[in-house]
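Reading through the structure tokens given below for one structure.
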């Protein structure tokens, strides 16, 4: 009995640590990695309405803008969305470690960092600010300090802020109940299938004109991309359904009869 009690006590103490580490990984690594994919999917949805986003815009917005707006917005949304469901207090503190690393590297630069070169020894404070928070460090100039240090700090702060907003939002629980009440089968039939057909039809002509892609693997790759984009669009519409009122058309269409 004593061994069982000791083992249960150990597991109860270890679980919060593991939960915190998981949120730390999501905030520091998951958000920066997933944000470009979310951006690509969003631009694909905009393409359905005739809005084209070119690769030059892709790199400029994601990696060459020092304020990283896409990653911050995605981290804020992901932190809020997971915070609504999980309600973990550890989400609120994932910014501490990236902030400590940011302060240490900022103070020690240029002797610690990518550009530990002699001609950076007399940097002024404004130069440090420009290097880590402005236009002084760009990936196109082979400088990755902002991507390695500043971006994880921003994404962790946004993730924590999203979790805080989830705890402070009075309608968060109503949103969870609305999402759980949505009839998944109806959502697939009335949202997922039409989205798949629309995305497939809109991109098939340009795909078919590319001879190098007209192979078995190319077709499977195209179908996988269409499926992923349609799932993403269906998810967005379902989230919107969770926000709207109970008497709206969307709620009446997708709500479970028992609700």
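A few notes on this one:
- Förster radius 45 Å - calculated FRET efficiency between residue 193 and residue 89, Cβ distance, rounded to 0.05: 0.65
- Taking label positions 7 Å along the Cα-Cβ direction at both residue 223 and residue 34, the computed distance is 2.7 nm, reported to one decimal.
- For the pair residue 184 and residue 164, the difference between a 0.36 nm per residue extended length and the Cα-Cα distance amounts to 4.3 nm.
- Theoretical gain in end-to-end length, residue 111 to residue 176 [0.36 nm per residue, Cα-Cα removed]: 18.5 nm
- Label positions at residue 236 and residue 104, each projected 7 Å from the Cα along the C-beta direction, are separated by 4.0 nm.
- In a fully extended conformation the segment linking residue 205 and residue 25 would gain 60.8 nm over its present Cα-Cα distance, using 0.36 nm per residue.
- Shown is the FRET efficiency for residue 135 and residue 73, computed with R0 = 22 Å from the Cβ-Cβ distance and rounded to the nearest 0.05: 0.60.
Where a number appears in this text, it was derived from the coordinates with a stated rule and is not lab data. Fair warning: this is a prediction, and the values are worked out from it, not measured in the lab. In this analysis, Cβ positions are derived from the backbone assuming ideal geometry, glycine residues included, and neighbour counts consider all displayed protein chains.
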